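Every read-out reported here was derived from the displayed coordinates using simple, explicitly stated rules and does not represent laboratory data. Because the structure is predicted, anything quoted here is derived from the model rather than measured. Every residue, glycine as well, gets a Cβ built from its backbone with ideal geometry; the counts of neighbours run over all protein chains shown.
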Amino acid sequence: MPHGPEPSDELVKAIADAIDADDRPMPATDPPQRPALSDAIARLRILLFPRANSQLPRGRAALENFVCNHARIVRAVLLQQFTAAYEMVGDSPSKATDAVVDLFGRLPAIRRTLAVDAQHAFDGDPAARSIDEVVICYPGFYALLVHRIAHPLYQFDVPLVPRMLNELAHSATGIDIHPGAVIGPGFFIDHGTGVTIGETTVIGDQCKVYQGVTLGAKSFERDVDGRIRKGYKRHPTLEDHVTVYAGATILGGDTVIGRGSVIAGGVFVTQSVPPNHIVAQPRPELRVREQRGL
C-alpha cells in the first residue's frame with residue numbers, strides 16, 4: 001500500500017499540544033473495545049436463540065453443553081470489557097464481576113421478553129413468514145435485543161459499555177435506542193430506520209412504532225449556571241398498546257400517549273393524548289391530473 005508524505009513536525013506538535021491541553025488525566029488502561037463487545041453481542045444472540053445458529057444443538061445434553069460453552073466465553077469477554085470501563089473512569093474494577101453476575105442472572109428473563117417481542121413482530125407484520133425470520137432478519141429485533149442487554153447494564157451504572165452497545169445497534173440498523181429507555185414486552189419496531197428513542201422514554205406493553213419515529217425531548221432545562229440539567233424525565237411515555245406510524249414526532253417528559261391510542265404518520269405531538277384516541281393531520285387535498293405532452 002503506498003504511503004503518503006510524512007506529517008510535518010509542526011503538525012505533529014500542534015496535535016500533541018491540543019491533546020495536552022485537555023487537563024483530564026490520561027487513563028491508565030485502554031477503554032472498552034468495540035470489536036470485543038460486538039463479538040459478545042453476537043454470541044449472546046446465538047446463546048439466547050440457538051435456532052438462529054448454523055450449529056443448532058440437538059438434544060438436552062447438547063443444548064446445555066452449548067449454553068455452558070457460549071456463556072463461559074461471553075462472561076470472560078464481558079468481564080474484561082467491564083473492567084476496562086471501570087478503570088477508564090477511575091472506579092473500582094472489582095465492580096465488573098458484580099455487573100457480569102447481575103447481567104447473567106437476568107438472561108433467562110431477557111430471553112423470555114425477547115421471545116414475546118419476536119412473537120408480537122410476527123403477529124403484527126403480514127410480511128413475516130416465521131418467528132425465526134424475525135429473529136434472524138429484522139433490524140428492529142436486533143436493536144431491541146441489544147437494548148435489552150444494555151438496559152440492565154445502564155441500571156447497574158456500568159460506565160461506557162451501555163452506550164457503546166447502543167451505538168453498535170445504531171450503526172448496524174439506523175435505530176437509536178438510549179440504554180436508559182424503559183421498554184415493556186411485545187415491542188415491535190417495523191422497518192425501523194431513523195427511529196430515535198430517548199433516555200427517559202417509557203414504553204408500555206405491546207406497542208409498535210414505524211420508521212422515522214422520534215420519541216424525544218421538547219426542550220432542555222438549565223441550572224442556575226446555565227448548564228443543561230441532567231437526570232430528569234425529558235422524553236414521552238407510551239402506555240400499553242400504542243401504535244406510532246412512520247415519521248411521527250412525540251416530544252416532552254410530561255407527554256403521555258394513552259393506552260390503545262394511535263399516532264398517525266407525520267404528526268408532531270407535544271401534549272398528552274387520552275386513551276383510545278387517534279391523532280392525525282387534517283387530510284390534505286390531492287390533485288390528480290393528466291400529464292400533457294407525453
What the Cα atoms of region 194-282 span along the principal axes, largest first and in whole Å, is 41, 22, 22
Note, ³J(HN,Hα) from phi for region 231-244, Karplus 6.51, -1.76, 1.60, rounded to Hz, x at Gly and Pro: x, 10, 6, 10, 10, x, 10, 10, 6, 4, 6, 8, 10, 10
Antiparallel bridge percentage (DSSP; both residues within the chain; nearest 5): 5 percent
List the trypsin sites (Lys or Arg not before Pro) in region 186-294 that DSSP assigns to loop (not H, G, I, E or B) and whose Cβ has at most 12 other Cβ atoms within 10 Å. Which are they? 227, 229, 230, 287, 289, 292
Options [x] 1.03; [y] 1.06; [z] 0.94 - which one matches Rg/Rh (Cα atoms, Kirkwood Rh) as calculated here: [y]
Cα→Cβ-extended label distance, 7 Å offset, between residue 89 and residue 53, nm: 3.2 nm
Integer Hz, Karplus 6.51/-1.76/1.60 couplings in order for region 194-204, x for Gly and Pro: x, 6, 10, 10, x, 4, 9, 5, 10, 10, x
Once you list every other residue whose beta carbon is under 14 Å from the beta carbon of residue 276, what net charge do they have if Lys and Arg are +1 and Asp and Glu are -1? -1
If the chain between residue 270 and residue 8 were fully extended at 0.36 nm per residue, the gain over the current Cα-Cα distance would be 89.0 nm
Give the long-range amide H neighbours of residue 175: residues separated by 5 or more places, or on another chain, with amide H under 5 Å away, using H modelled in the peptide plane at 1.01 Å from N. 194
Nearest 0.05, what FRET efficiency do residue 39 and residue 60 give at R0 = 22 Å with Cβ-Cβ as r? 0.20
In whole angstrom, the spacing between the Cα centers of region 50-128 and region 240-279 equals 33 Å
